[in-house]
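Shown below is the structure under consideration.
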Amino acid sequence: MTDTIRFILNGKLCEISGLPPTMTLLQYLRGPAGLCGTKEGCAEGDCGACTVMVARLEKDGSAPYRSINACIALLPSLDGRQIVTVEHLRNVAAGALHPVQQAMVECHASQCGFCTPGFVMALTNELNNNPQADDTAIHDAISGNLCRCTGYRPILEAARRAKDMPRVDIPADAAALASIARTKMFSYEMPAGKFFAPVTPDELADVLAQYPDAYMLSGGTDVGLWVTKFHMDLPVIVYTGNIAALRGVTDVDGNLEIGAAATYSEAFAALAKRGAGMEDLLRRIGSLHIRNAGTVGGNIANGSPIGDGPPPLIALQAEIILRSQKGTRSLALEKYFIAYKKQDRQPGEFIEKIIVPKRAENTLFATYKVSKRFDQDISAVCAGFALDMDGGVIRAARLCYGGMAATPKRAAAAEAALVGKPWTREALADAAAAMDKDFTPLSDMRASAAYRQSVAKNLLKRFFIETTMPEVKTGVYRHAG
Amino acid sequence: MQGKPVNNRAAGQSKTHDSAALHVSGEAVYTDDIAAPAGCLHAYMLQSPHAHAKIISIDTSACHIAGVHAVMTARDVPGVNDVAPVFAGDPVFAENEVLYAGQSVLAVAAESMDIARRAAHLAKVEYQVLPAILDVHESLRQQKFVGETYVMKTGDSAAALGAVPHRLSGALDIGGQDHFYLEGQIALATPHENGEMHCWSSTQHPSEVQHLIAKVLAIPDHAVTVEVRRMGGGFGGKESQASLIACVAALLARRTGRAVKLRLDRDDDMVMTGKRHGFHVKYDVGFDAQGRIQAMDMVQLADCGMSPDLSNAIADRAMFHADNCYFLPHATVTSYRCFTHKVSNTAFRGFGGPQGMLAIEYVIDDIARHLNLPAEAVRRVNFYDRQGACKDRAVTHYGMDVEDCVIADIFDKLEASADYRARLGQIDAFNAENPVLKRGIAMTPVKFGISFTLTMLNQAGALVHVYKDGSVQLNHGGTEMGQGLHTKVCQIVADVFGLPLERVRITATNTSKVPNTSATAASSGTDLNGKAAEAAAHTIRGRLSEFAAQQAGTCAPQDVVFDVGVVTAGSKAWPFKELVNLAYMNRISLSATGFYKTPKIFWDRAAAKGRPFFYFAYGAAVSEVIVDTLSGEYKILRTDILHDVGRSINPAIDRGQIEGGFVQGAGWLTSEELWWDAKGVLKTHAPSTYKIPTARDMPDDFRVALYDGENPEDTVYKSKAVGEPPLMLGISVFLALRDAVARAGVSMPKLSAPATPEAVLRALEDKGGVF
């Protein structure tokens, strides 16, 4: 017995059946829905030409819009959502252009026009939620949108101008969303494949027990590419995004508990407070559209050696709770990563939450990311550093890196070189020298092995400077102005 | 920004792009948005996995799964299996040998793209892998070239280099660049009656696509119509590269009798289609104590890839710009067009000019560092100069007199408006206080030659209709890829008739309306098509003037005035549409073609001398950067640009070209890195791995102004071409990064392009680290 996919598209309820579960929202919009304003520029969530606004009903009855990449969002994952595409803006603006559109025209912010609907939607979403968005918020809003023609100046100007124009709100319809909300698991079973969206952890455990080989889908910012880029067949997909109990971000006695299906955007504020550099790092994880979809748990669960979540979380001694029909177990996050593409997760198990413990006051911490580009780039090297200090002496060191090995990995030899010593230039030099024993990184399109090795050491040096010589400026992005 | 609106004229005003409202509303129709005819099939091309291999056999029997309508290989091409623009060498489907990883081997048409892709991958292709040439040094060693080695020479550089007070030699690696137009390559071909073929193609060169479809189908050109309303970006990447896609769609359409759409997804697009040429440049330069160049030998190795494509013209342009703004009394510029087993490199905004210009700017930078002189001072003493004591310091190494040089004035004005000198002191102060972060700055000029260097291409046609209601429909041979060409040409035509801009509509570029066009390329779109459209409009206006003068009785045709939608002849006046209607009733033709060819230009290829360019466009930029000496990461703090567009037809559009060109040029030289693995497979084939600038990469403080001047040559509205020249303003960012590395203590930094954070850190490590 299969359900139909139900969502509200540009104000109208759509009920969909018969389409493969791996069809993307973009394919649906440009195909069956006949809405060609949303464009495909990359089909991997990296260019933003497909940006749309999506609202979901939250527990408190609100339904905030978020911008996402339609090109990697699988259609059944939109069940229960409200979607707005560029075509709808004229409807809400009574046939006229929406202020963002009008400002874009006035500021000459389109040239070839192909990226333009994506920018329009990204900025409309931002100003709809945040009418007084400052420049940082505007930059974040379009961090996942590429334009090859304009050089961006007129787009930024248009965003600023639109703020001063009469507002045209795009309200979400909470009542309509409530009417299509599910109280139990959504099942979409087609000849091409099955898609299950449980609403409780128990349902999730049950469906995974039934289909232990199912592919788990959260934000789809990785799995979406398995479909669009690797053309994989995913016969059974289990989607975690509708499980409210897995989406919480809560402080429990100073320990931060992040539900595995909480998006980076939802966890942003809480995580940003956990230490120096966290906010900078989070801002550089994907783009805003990616952070609106991608989850903290997914960034761990997929086992990528270049995910930016694990290095700082390991340095912060995070643990994860794994759950299955059989019960739960807790695991230090670093133990989860066994080898390349091999993690300590049994069939039927899922990550329920990530717990970031309260940080001791005498722990020095920082996290850094180095990549070719600030926004929306995968790290050449990512680092999370923590030193537990005891009377000027390093009692414990956790130097965790991404991009240096087949998994997120701690620099054990470098850590050993630090423990028991005061945090001095000499200790730094010893640790840097020892690091050659820790890593033999790869050369690839993101960076050479030599660069990775140099940067890994230099980031430790930066940590030393920042923790011992606060007067020295570091980091071009912080001191650009 | 200086706009110069004259009365009610459209030209000179910052009119919005003619499709702006359609762009922002998602209503602008791109090729993939065109409602496909019933039964339309989708095509997919299978690529070679090897950089170089012999094809032993191709077995497509397994491809015929449900939903597949046709499978085609080289042997199924009814006409000539080649889509090369000039010199042969770009097969539609590889026949006996594959020459790059990504080369098209066969194509499938099926009821969905997914079926076509699956089916294509069921083909059994047996290869014998052969050794591949993957860099220019190896091609030079094996003497494998795609064109003849070419030399431009003035004076006797070998002798002069032996007698100079100072001499330096060095080399520079310059990476290529992917166009990354947001809309990938696409075509929709529909077979029509009587063997005719219609094709919507996202192309900068509809006439060439038309001709090549005819050639592969073995039918005459008159049976093929190619149309393009707009592209989602081109940048040169759809000049010759669109042909393969359109021809495969047409071949499959002919074979199946159905419409066929072929759209490359981003990865296939980046793997299969050509890019900006990577270069390796070697130089040997002699100069005096002021840094004035006395002699230079420059050798340019262009990585052309596996076929000639447009590489010879591109390599020529790199040679033409080996001087940039500088007089070279004795120079020998030698160009090797190197064959490699990589995708055939192609046109990209600047067309070789950027590589030539970057090389000479690097040389100047070297000279300044060697002599410990300010780089801007060394630039100034080398500028072309007709006013100075030696008039002969105004002739290029290819014998063209630089008559219109305004770079010294631009440099002076920019230096003042950018507060350049004061900022040098601020940078020193910042760097003295900061051990980790270092700032650098550079001011660089641009002189870019305008015209196709193949003289024949400098022609254009247009077709103008005036309808009985007084509205005007306009067509010309140029294509719209976002650059605002259509808007500018509409402005020009509106002014001829004295009409508001809304009365003039431009329609899709169509080979059945204007034939035998040149590509919209070489920045020449407005210069050529604007003049042609103006001529067509003037023909009609001439007829109307004569008619109006007759009606008035007392007025000479040349005294008839067209303004604000009213035509006035002596004491009589008509609203434009009334006069048009009257003219129609009196059987006056209201349709005309126009034609234009660029005057003055010629090129003697054997002598390597001539006047290849009608004029030069100039500009200059100052960029300041900050570099993290621990990671090599950087940020552009401020860029000031003063650029010469002559008398601007549309200041907003021109500014857009300048800003966009600068950012694209800066991207080329910073974060945009093409990376092949050891087997010659491109690994940077999507935005996840190939990083063009985002909004946060543009300068924090970005100031752009148009230089106040007009083109001394007789161009449309006295304007200058603007498409390509600003790209090279991005060189200021590259040299500012080099300056920052130098200011961190590396005296003659070796910085290769692109200056990724890795490349910057490598340059810094020549000193053994900073902090």
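The values are calculated or read from the model by the stated rules, or taken from the named source; none is laboratory data. What you are looking at is a predicted structure, and each value in this text was computed from that prediction instead of being measured. Neighbour counts run over all protein chains shown; Cβ positions are idealised from the backbone, glycine included.
Specify the residue that is nearest to the other protein chains (Cβ to nearest Cβ); the eligible residues are those in region B:692-743 that are of a type in the set (Val, Ile, Thr) and in contact with an Asp or Glu (Cβ under 9 Å, 6 or more places away or on another chain).
Taking region B:692-743 as the starting set, the residues that turn out to be of a type in the set (Val, Ile, Thr) are B:692, B:694, B:704, B:715-716, B:722, B:731, B:733, B:741.
Filter again for in contact with an Asp or Glu (Cβ under 9 Å, 6 or more places away or on another chain), leaving B:692, B:694, B:704, B:715-716, B:722, B:731, B:741.
Working: B:ILE692: 6, B:THR694: 4, B:VAL704: 8, B:THR715: 22, B:VAL716: 21, B:VAL722: 12, B:ILE731: 16, B:VAL741: 14 Å.
Filtering region B:692-743 for residues that are of a type in the set (Val, Ile, Thr) and in contact with an Asp or Glu (Cβ under 9 Å, 6 or more places away or on another chain), the one nearest to the other protein chains (Cβ to nearest Cβ) comes out as B:THR694.
So that you can scan it fast, the table gives a plain yes or no per residue for (1) more than 23 Å from B:ASP267 (Cβ to Cβ); (2) modelled with pLDDT of 95 or more; (3) surrounded by fewer than 16 Cβ atoms within 10 Å (Cβ to Cβ); (4) among the charged types (D, E, K, R):
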| residue | (1), (2), (3), (4) |
| --- | --- |
| B:GLY102 | no, yes, no, no |
| B:HIS121 | no, yes, yes, no |
| B:MET152 | yes, yes, no, no |
| B:ALA158 | yes, yes, yes, no |
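Looking at (1) surrounded by fewer than 24 Cβ atoms within 10 Å (Cβ to Cβ); (2) of a type in the set (D, E, K, R); (3) within 9 Å of another protein chain (Cβ to nearest Cβ); (4) in contact (Cβ under 8 Å) with a residue 60 or more places away in the chain, which is the only condition B:GLU672 fails?
Exception for B:GLU672: condition (1).
For region B:299-339, name all the residues that are of a type in the set (Lys, Arg) and either in a helix (DSSP H, G or I) or not assigned by TED's automatic domain parsing to the domain that holds B:ILE367 (or both).
Residues of region B:299-339 of a type in the set (Lys, Arg): B:317, B:337.
Within region B:299-339, just B:ARG317 meets the criteria.
Return yes when B:THR73 is touching a Leu at 6+ places or on another chain (Cβ under 8 Å), of a type in the set (Ser, Thr, Tyr) and more than 14 Å from every other protein chain (Cβ to nearest Cβ) and no when it is not. Full working, then the answer.
Numbers: touching a Leu at 6+ places or on another chain (Cβ under 8 Å): yes; of a type in the set (Ser, Thr, Tyr): yes; more than 14 Å from every other protein chain (Cβ to nearest Cβ): yes.
It is true that B:THR73 is touching a Leu at 6+ places or on another chain (Cβ under 8 Å), of a type in the set (Ser, Thr, Tyr) and more than 14 Å from every other protein chain (Cβ to nearest Cβ).
If you scan region A:12-31, which residues turn out to be within 29 Å of B:HIS685 (Cβ to Cβ), part of a loop (DSSP other than H, G, I, E, B) and either away from every other protein chain (no Cβ under 14 Å) or not β-branched (Val, Ile, Thr) (or both)? Don't jump to the end; show me each part of the working.
From region A:12-31, those within 29 Å of B:HIS685 (Cβ to Cβ) are A:19-31; that's our starting set.
Now narrow it down to the ones that are part of a loop (DSSP other than H, G, I, E, B): A:19-23, A:31.
Once the filter is applied, which keeps residues that are within 29 Å of B:HIS685 (Cβ to Cβ), part of a loop (DSSP other than H, G, I, E, B) and either away from every other protein chain (no Cβ under 14 Å) or not β-branched (Val, Ile, Thr) (or both), region A:12-31 yields A:LEU19, A:PRO20, A:PRO21, A:MET23, A:GLY31.
Say we look at region A:356-403 and pick out the residues that are farther than 24 Å from A:ILE306 by Cα, among the charged types (D, E, K, R) and not in a strand (DSSP E or B); which of these is farthest from the chain's Cα centre (by Cα)?
If we filter region A:356-403 for residues that are farther than 24 Å from A:ILE306 by Cα, which is where we start, we get A:358-363, A:388-396.
Pick out the ones that are also among the charged types (D, E, K, R) and you get A:358-359, A:361, A:388, A:390, A:395.
Subsequent filtering for residues that are not in a strand (DSSP E or B) retains A:358-359, A:361.
Details: A:LYS358: 23, A:ARG359: 24, A:GLU361: 29 Å.
For region A:356-403, the residue satisfying everything is A:GLU361.
Run B:ALA652 past the list (1) surrounded by fewer than 24 Cβ atoms within 10 Å (Cβ to Cβ); (2) more than 14 Å from chain A (Cβ to nearest Cβ) and report the number of the one that doesn't hold.
Condition (2) is where B:ALA652 drops out.
Can you find a residue that is aliphatic (A, V, I, L, M), without any contact (Cβ under 8 Å) to a residue 40 or more places away in the chain and within 14 Å of chain A (Cβ to nearest Cβ) anywhere in region B:482-505? Lay out the reasoning, then the answer.
Filtering region B:482-505 for residues aliphatic (A, V, I, L, M) gives B:485, B:489, B:492-494, B:496, B:499, B:501, B:504.
Checking the rest, the ones that are also without any contact (Cβ under 8 Å) to a residue 40 or more places away in the chain come to B:504.
Filter again for within 14 Å of chain A (Cβ to nearest Cβ), leaving none.
Within region B:482-505, none of the residues are aliphatic (A, V, I, L, M), without any contact (Cβ under 8 Å) to a residue 40 or more places away in the chain and within 14 Å of chain A (Cβ to nearest Cβ).
What number of residues within region A:453-468 are in contact with a Pro (Cβ under 9 Å, 6 or more places away or on another chain) and at the interface with another protein chain (Cβ under 9 Å from one of its Cβ atoms)? Let's see the steps before the verdict.
The first filter runs over region A:453-468 and keeps only residues in contact with a Pro (Cβ under 9 Å, 6 or more places away or on another chain), leaving A:453, A:455-456, A:465.
Right, trim to at the interface with another protein chain (Cβ under 9 Å from one of its Cβ atoms) and you get A:455, A:465.
Qualifying residue count for the region: 2.
If you don't mind, another one. Any idea which of B:SER207, B:SER169 is more than 24 Å from the chain's Cα centre (by Cα), more than 20 Å from B:MET45 (Cα to Cα) and of a type in the set (S, T, N, Q)? Spell out how you get there, then give the answer.
Values: B:SER207 fails: more than 24 Å from the chain's Cα centre (by Cα).
Being more than 24 Å from the chain's Cα centre (by Cα), more than 20 Å from B:MET45 (Cα to Cα) and of a type in the set (S, T, N, Q) holds for just one of B:SER207, B:SER169, which is B:SER169.
Right, something else. In the set B:ASP419, B:ASP428, B:ASP401, which member is of a type in the set (Asp, Glu), over 27 Å from B:ALA617 (Cβ atoms) and surrounded by fewer than 18 Cβ atoms within 10 Å (Cβ to Cβ)? Reasoning before the result, please.
Details: B:ASP419 fails: over 27 Å from B:ALA617 (Cβ atoms); B:ASP401 fails: over 27 Å from B:ALA617 (Cβ atoms).
It is B:ASP428.
Based on what the data block shows, is A:SER379 within 13 Å of chain B (Cβ to nearest Cβ), surrounded by fewer than 18 Cβ atoms within 10 Å (Cβ to Cβ) and either at positive phi or at pLDDT 95 or above (or both)? Give the derivation first.
Values: within 13 Å of chain B (Cβ to nearest Cβ): yes; surrounded by fewer than 18 Cβ atoms within 10 Å (Cβ to Cβ): no; either at positive phi or at pLDDT 95 or above (or both): yes.
When the stated conditions are applied, A:SER379 does not pass them.
If we keep just the residues of region A:223-255 that are of a type in the set (S, T, N, Q) and in contact (Cβ under 8 Å) with a residue 40 or more places away in the chain, which is surrounded by the most Cβ atoms within 10 Å (Cβ to Cβ)? Write out each step before concluding.
From region A:223-255, those of a type in the set (S, T, N, Q) are A:228, A:240, A:242, A:250, A:255; that's our starting set.
From what's left, in contact (Cβ under 8 Å) with a residue 40 or more places away in the chain: A:228, A:240, A:242, A:255.
On the way: A:THR228: 24, A:THR240: 26, A:ASN242: 23, A:ASN255: 13.
So the residue we want is A:THR240.
Still on this structure, I have one more. Select from region B:48-65 the residues that are in contact with a Gly (Cβ under 9 Å, 6 or more places away or on another chain) and either surrounded by fewer than 21 Cβ atoms within 10 Å (Cβ to Cβ) or not assigned by TED's automatic domain parsing to the domain that holds B:ALA250 (or both) and list them in ascending order.
To start, the set of residues in region B:48-65 that are in contact with a Gly (Cβ under 9 Å, 6 or more places away or on another chain) comprises B:48-52.
The one that is in contact with a Gly (Cβ under 9 Å, 6 or more places away or on another chain) and either surrounded by fewer than 21 Cβ atoms within 10 Å (Cβ to Cβ) or not assigned by TED's automatic domain parsing to the domain that holds B:ALA250 (or both): B:PRO49.
I've got another one for you. What about B:PHE430, is it closer than 30 Å to A:VAL455 by Cα, at pLDDT 95 or above, in a helix (DSSP H, G or I) and hydrophobic (A, V, I, L, M, F, W, C)?
Numbers: closer than 30 Å to A:VAL455 by Cα: yes; at pLDDT 95 or above: yes; in a helix (DSSP H, G or I): yes; hydrophobic (A, V, I, L, M, F, W, C): yes.
So B:PHE430 passes the test.
The rows are residues; the columns are (1) outside any helix (DSSP H, G or I); (2) at pLDDT below 95; (3) in the same structural domain as A:SER67 (by TED's automatic domain parsing).
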residue: A:LEU271; (1), (2), (3): no, no, no
residue: A:LEU282; (1), (2), (3): no, no, no
residue: A:ILE290; (1), (2), (3): no, no, no
residue: A:GLY297; (1), (2), (3): no, no, no
residue: A:SER304; (1), (2), (3): yes, yes, no
residue: A:GLN317; (1), (2), (3): yes, no, no
residue: A:ARG329; (1), (2), (3): yes, no, no
residue: A:GLU334; (1), (2), (3): no, no, no
residue: A:ILE354; (1), (2), (3): yes, no, no
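I need the full set of residues from region A:88-99 which are part of a helix (DSSP H, G or I) and more than 8 Å from chain B (Cβ to nearest Cβ), in order please.
As a first pass, look at region A:88-99 and keep what is part of a helix (DSSP H, G or I): A:88-92, A:99.
Within region A:88-99, A:HIS88, A:ASN91, A:VAL92, A:PRO99 meet the criteria.
I've got another one for you. Cβ-Cβ distance below 8 Å, separation of 6 or more or different chains: which pairs start in region A:418-434 with a residue that is over 10 Å from A:GLY392 (Cα atoms) and end on one that is modelled with pLDDT of 95 or more and acidic (Asp, Glu)?
Cβ pairs passing all conditions: A:LEU418/A:ASP430; A:ALA431/A:GLU415.
Let me ask something else. Can you name every residue in region B:212-235 that is within 20 Å of B:GLU480 (Cα to Cα) and either touching a Lys or Arg at 6+ places or on another chain (Cβ under 8 Å) or part of a helix (DSSP H, G or I) (or both)? Even if it seems obvious, please write down each step before you answer.
Going residue by residue through region B:212-235, those that are within 20 Å of B:GLU480 (Cα to Cα) are B:225-235.
Within region B:212-235, B:MET231, B:GLY232, B:GLY233, B:PHE235 qualify.
Consider B:THR453 carefully, then state whether it is touching a residue at least 40 places away in the same chain (Cβ under 8 Å), β-branched (Val, Ile, Thr), assigned to a helix (DSSP H, G or I) and in contact with a strand residue (DSSP E or B) (Cβ under 9 Å, 6 or more places away or on another chain).
Working: touching a residue at least 40 places away in the same chain (Cβ under 8 Å): yes; β-branched (Val, Ile, Thr): yes; assigned to a helix (DSSP H, G or I): no; in contact with a strand residue (DSSP E or B) (Cβ under 9 Å, 6 or more places away or on another chain): yes.
For B:THR453, the condition - touching a residue at least 40 places away in the same chain (Cβ under 8 Å), β-branched (Val, Ile, Thr), assigned to a helix (DSSP H, G or I) and in contact with a strand residue (DSSP E or B) (Cβ under 9 Å, 6 or more places away or on another chain) - is not met.
When the residues of region B:561-600 are narrowed to those that are polar (S, T, N, Q) and within 17 Å of B:ALA537 (Cβ to Cβ), which ends up surrounded by the fewest Cβ atoms within 10 Å (Cβ to Cβ)? Let's see the steps before the verdict.
Residues of region B:561-600 that are polar (S, T, N, Q), as a first pass: B:568, B:571, B:581, B:586, B:589, B:591, B:593, B:598.
Okay, now just the ones that are also within 17 Å of B:ALA537 (Cβ to Cβ), so B:589, B:591, B:593.
Working: B:SER589: 11, B:SER591: 13, B:THR593: 18.
If we take residues in region B:561-600 being polar (S, T, N, Q) and within 17 Å of B:ALA537 (Cβ to Cβ), then B:SER589 is surrounded by the fewest Cβ atoms within 10 Å (Cβ to Cβ).
While we're here: Out of everything in region A:105-154 that is assigned to a loop (DSSP other than H, G, I, E, B), at the interface with another protein chain (Cβ under 9 Å from one of its Cβ atoms) and without any contact (Cβ under 8 Å) to a residue 40 or more places away in the chain, what residue ends up being nearest to the chain's Cα centre (by Cα)?
A:CYS147
Further question on the same structure: Confirm whether B:GLY257 is assigned by TED's automatic domain parsing to the domain that holds B:ASN81 and surrounded by fewer than 24 Cβ atoms within 10 Å (Cβ to Cβ).
Taking the combined requirement at face value, the residue satisfies it.
Matching residues to (1) out of contact with any Asp or Glu (no Cβ under 6 Å at 6 or more places or on another chain); (2) in the same structural domain as B:MET296 (by TED's automatic domain parsing):
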| residue | (1), (2) |
| --- | --- |
| B:ARG141 | yes, yes |
| B:PHE145 | yes, yes |
| B:GLY155 | yes, yes |
| B:SER169 | no, yes |
| B:ASP173 | yes, yes |
| B:ALA187 | yes, no |
